[in-house]
Structures are given as C-alpha cells and as structure tokens.
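The values are calculated or read from the model by the stated rules, or taken from the named source; none is laboratory data. No experiment lies behind these values; they were computed from the predicted model shown. We place every Cβ from the backbone using ideal geometry, glycine too, and count neighbours over all the protein chains shown. Accessible surface areas use protein heavy atoms only, side chains included; no ligands, DNA or RNA. Shrake-Rupley method; radii C 1.70, N 1.55, O 1.52, S 1.80 Å.
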Amino acid sequence: QVQLVESGGGLVQPGGSLTLSCAASGIIFSSYYMGWYRQAPGKQRELVAIISSGGTTNYADSVKGRFAISRDNGKNTMTLQMNSLKPEDTAVYYCRGYYFIHDYWGQGTQVTVSS
C-alpha cells in the first residue's frame, strides 16, 4: 500500500519559517520524482517545487530564493524548507510522487501565514 504522509504545517507569522516533511512508503522512493504542490482557497492547485530522482530541483517563480526542496533516499523522505513566508503562501500543501504511470498524492497539510 502506497502512502505519502505530510507533516510540519501550522500557523506562522509573516517572515517566519516552516519545514514540511513527506514520508513515503510502499514505493521505490529513489526512483520517483517528488514534488510539493499547494492549493489556496478558491484557487487551483499549483506546483511549488519538484526534485528529480537524481536531485535536480525546480521551483515556482513565487518561491524561488525562499523555499528549498530536498530528499533523503535512505529515509524515504522529502522536505520543503520555507523561509520568509508571506500571507500569500497560505494554502494546503501536498506531497506528490510520480514515476511513469504511477502517480500518488498525500492528504495535505495546512500552512497559514498570518499575524
């Protein structure tokens, strides 16, 4: 059974930091592209950052320089370090793992940036 479980969300003030984690099981994690996506109320789900099986990263323009994605293939985990958070970063953040036709999502974790 495949599971992607996010953790680390919460309430943070503008300018603050949070670290999200995604723990994967039931997949050959090292083979999968992994990504973070987010969905704000009333908006479509959007890409935040992705990391290839080899560690190549790509970011949405809105988070470049503030967020950092990483993975630990030995622990089957992926993280998203989020710094200089803004109110517009408020959303549910989802973990995604995909490899050819295999495509899995976590349940999401809420991130709220507010004073």
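Miscellaneous remarks
- The single residue among V5, V111, V92 that is hydrophobic (A, V, I, L, M, F, W, C), assigned to a strand (DSSP E or B) and open to solvent by 50 Å² or more (accessible area, probe 1.4 Å) turns out to be V5.
- Lone qualifier among Y32, Y93 - being more than 15 Å from T112 (Cα to Cα), among the hydroxyl-bearing types (S, T, Y) and modelled with pLDDT of 95 or more: Y32
- Residues in the range 8-50 that are closer than 14 Å to Y94 by Cα, among the hydrophobic types (A, V, I, L, M, F, W, C) and either assigned to a strand (DSSP E or B) or touching a helix residue (DSSP H, G or I) at 6+ places or on another chain (Cβ under 6 Å) (or both): L20, C22, A23, A24, M34, W36, L47, V48, A49, I50.
- The residue that is surrounded by the most Cβ atoms within 10 Å (Cβ to Cβ), counting only those in the range 44-64 that are of a type outside the set (D, E) and without any contact (Cβ under 8 Å) to a residue 12 or more places away in the chain, is Y59.
- Considering residues of the range 18-32 that are in contact (Cβ under 8 Å) with a residue 60 or more places away in the chain and under 22 Å from Q81 (Cβ atoms) only, the residue most open to solvent (accessible area, probe 1.4 Å): T19
- Pick from the range 95-108, criterion touching a residue at least 40 places away in the same chain (Cβ under 8 Å) and not in a strand (DSSP E or B), ranking: surrounded by the most Cβ atoms within 10 Å (Cβ to Cβ): G106
- Test: residue in the range 69-77 that is hydroxyl-bearing (S, T, Y) and over 22 Å from Y32 (Cβ atoms): no
- Identity of the residue in the range 73-89, without any contact (Cβ under 8 Å) to a residue 60 or more places away in the chain and more than 14 Å from C22 (Cα to Cα), that ends up most open to solvent (accessible area, probe 1.4 Å): E88
- Checklist (1) in contact (Cβ under 8 Å) with a residue 60 or more places away in the chain; (2) hydroxyl-bearing (S, T, Y); (3) not in a loop (DSSP other than H, G, I, E, B) applied to S70, failing item: (1)
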